[in-house]
Number of protein chains: 2
Amino acid sequence: MHLSIDHNSNVPLHIQAEELLRKMIEDPQFRNGKFLPNEVELSKELQISRTTLRQALNKLVYEGLLVRKKGIGTKVSEKTVSSKSMNWKSFSQEMAARGIPIRNFELHISWVKPQEELVHFFDIKPEQKVLKLERLRGRPEGPFVYFVSYFHPAIGLSGEEDFKRPLYEILEQDYKVIATLSKEEISAKAADNFIGGKLEIDAGSPVLFRKRFVYDQDEKPIELNMGYYKSDSFIYTVESRR
Amino acid sequence: MHLSIDHNSNVPLHIQAEELLRKMIEDPQFRNGKFLPNEVELSKELQISRTTLRQALNKLVYEGLLVRKKGIGTKVSEKTVSSKSMNWKSFSQEMAARGIPIRNFELHISWVKPQEELVHFFDIKPEQKVLKLERLRGRPEGPFVYFVSYFHPAIGLSGEEDFKRPLYEILEQDYKVIATLSKEEISAKAADNFIGGKLEIDAGSPVLFRKRFVYDQDEKPIELNMGYYKSDSFIYTVESRR
DNA sequence: TATTTTAATATGTACAAACATATAAAACAT
DNA sequence: ATGTTTTATATGTTTGTACATATTAAAATA
């Protein structure tokens, strides 16, 4: 395997280097605490300056994928698999990573008048309708999450999407919108009759409630998502560093 | 107010610059979408090179405190207050930030034989005892979290701590251990009789269960923490960027 | 043999310089 | 008045260079 960088590409060198490093990290040869070649060697091999290489390395260190130590070297983190990118995987990917096959039980799309919270969040006029997406998803044996999602009118998914592709992929490829920032609120709730019915559990059973505010790179609101998770089949994981 | 950098200090210039920028961000003059002086000006004012300044800026951009745009400038993020640092505030600080006064209802310290999970997590011998810390905390009106925390024997808090200072402060100042990485698992549970009794709620009521694995900068395990949060008085928040 | 010193190695810090590119405002032409 | 081109501004990219410092292993010394 010979990784190389295209100096004539319009993609910045440190971005290309970052991608190559990500591939190296995935490689079993380097995974689990193995050391990368040192910076001088690597920069020679990739034919970029040490400064540019360090730009790429720094980003991966921030993300927690790499651990560097003065005088020793740079190794792949043992304690972290995908770091915060976890939160950015699509729901299907998240589940796939845990070896859980996913099924869609219900899918309903409609245009609705926004509630006050939505008017405020999206900063739109009250008469402007927004796209509402309801989904019931889970394992083949039964559903374990019910969620309702609202989108900014400017995105306005056509409603004819197949939703077989992950949502974030549809947004990136078809609408050139990249979800960059997400704020989430997580709490425990007792299922009411409606949610209990959807998730096939008794009313009163504990569910994990997750409310998610999604913004793009310019901090403009994209999506508001509210999900109810069956507590015995879903654990929410968070990783953070400082 | 004149911020300045000490070139004779043994603290790296980009770290000093980072601290100054953090103070600027806190300043009402710059908060909420206001623009910072441009890089060339700032680097002249601080008497450091643009490269060094950008090193500091990059870190804050990565944390989400600053938003930069080519051709425009660098501004303080409007959507983010403290970003991921939120997860690193002590519990008391977290609550203080929400205007909630905190009281300790119970505090119990003991040395116990570690369970299998602890032996594995801390990578110690089964006969090595670990410090167990149980706390019941909450508002003056009543408790809303009960947690049990175990510490690595190498840290071995003397047991004579007053625990009036935040835990992370005790660890940093007295034990020179800096908690750098945290992995958390969050789920919804139904309170059993014990937890229900502690939190003064009916057994069966939903509680937020938070299990937290804490590591230091070298990825060595420090603490394992398990908390039960009364669902109607605590919402867990997460912010993430990519 | 045990201890100390030294050297090799790898990352950390810092600056200077040059050019590229996105954005908004000003100048210009229609 | 409106659309286009230019220009000023600010961040983005990339390289080169020099020296500092933490760590480990090897060499020198007691």
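The values are calculated or read from the model by the stated rules, or taken from the named source; none is laboratory data. Remember, predicted model here, so these are calculated numbers, not experimental data. A quick note on method: Cβ atoms are made from the backbone with ideal geometry, for glycine too, and the neighbour counts reach across all protein chains shown. Surface areas here come from the heavy atoms of the whole protein model, side chains and all, with no ligands, DNA or RNA. Shrake-Rupley method; radii C 1.70, N 1.55, O 1.52, S 1.80 Å.
Quick rundown of the values:
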item	result
Filtered residues of the range B:26-44 (kept if assigned to a helix (DSSP H, G or I) and away from DNA strand C (no atom under 13 Å from the Cβ))	B:26, B:41
Boolean, residue A:57 is within 30 Å of the chain's Cα centre (by Cα), modelled with pLDDT under 90 and under 20 Å from residue B:63 (Cβ atoms)	no
Residues satisfying the stated conditions in the range A:219-235, i.e. within 11 Å of chain B (Cβ to nearest Cβ) and surrounded by 21 or more Cβ atoms within 10 Å (Cβ to Cβ)	A:221, A:228, A:229, A:230, A:231, A:234
Elements of type strands (runs of 3 or more DSSP E) contained in the range B:167-238, each with 3 or more residues being free of Cβ contacts under 8 Å to residues at least 60 places away in the same chain and at negative phi	B:179-190, B:206-216
Single unsatisfied condition, residue B:8 versus (1) free of Cβ contacts under 8 Å to residues at least 12 places away in the same chain; (2) open to solvent by less than 50 Å² (accessible area, probe 1.4 Å); (3) more than 11 Å from DNA strand D (Cβ to nearest atom)	(2)
Search result, residues across the range B:114-144 that are crowded, with 17+ Cβ neighbours inside 10 Å and over 25 Å from the mean Cα position of the chain (by Cα)	B:114, B:124
Per-region count, the range B:109-129, residues in a strand (DSSP E or B) and at pLDDT below 90	3
Subset of the range A:187-218 (residues that are more than 9 Å from chain B (Cβ to nearest Cβ), more than 13 Å from residue B:190 (Cα to Cα) and of a type in the set (A, V, I, L, M, F, W, C))	A:194, A:195, A:199, A:201, A:214
Hey, residue A:49 away from every other protein chain (no Cβ under 14 Å), small (Gly, Ala, Ser) and either closer than 24 Å to residue B:52 by Cα or within 7 Å of DNA strand C (Cβ to nearest atom) (or both) or not	no
Among (1) open to solvent by 70 Å² or more (accessible area, probe 1.4 Å); (2) within 10 Å of DNA strand C (Cβ to nearest atom); (3) hydrophobic (A, V, I, L, M, F, W, C), the one test that residue B:56 misses	(1)
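So that you can scan it fast, the table gives a plain yes or no per residue for (1) at pLDDT 90 or above; (2) away from DNA strand D (no atom under 15 Å from the Cβ); (3) outside the structural domain of residue B:225 (by TED's automatic domain parsing); (4) open to solvent by less than 50 Å² (accessible area, probe 1.4 Å):
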site	(1), (2), (3), (4)
B:31	no, yes, yes, no
B:35	no, no, yes, no
B:44	yes, no, yes, no
B:74	yes, no, yes, yes
B:91	no, yes, no, yes
B:99	no, yes, no, no
B:105	no, yes, no, no
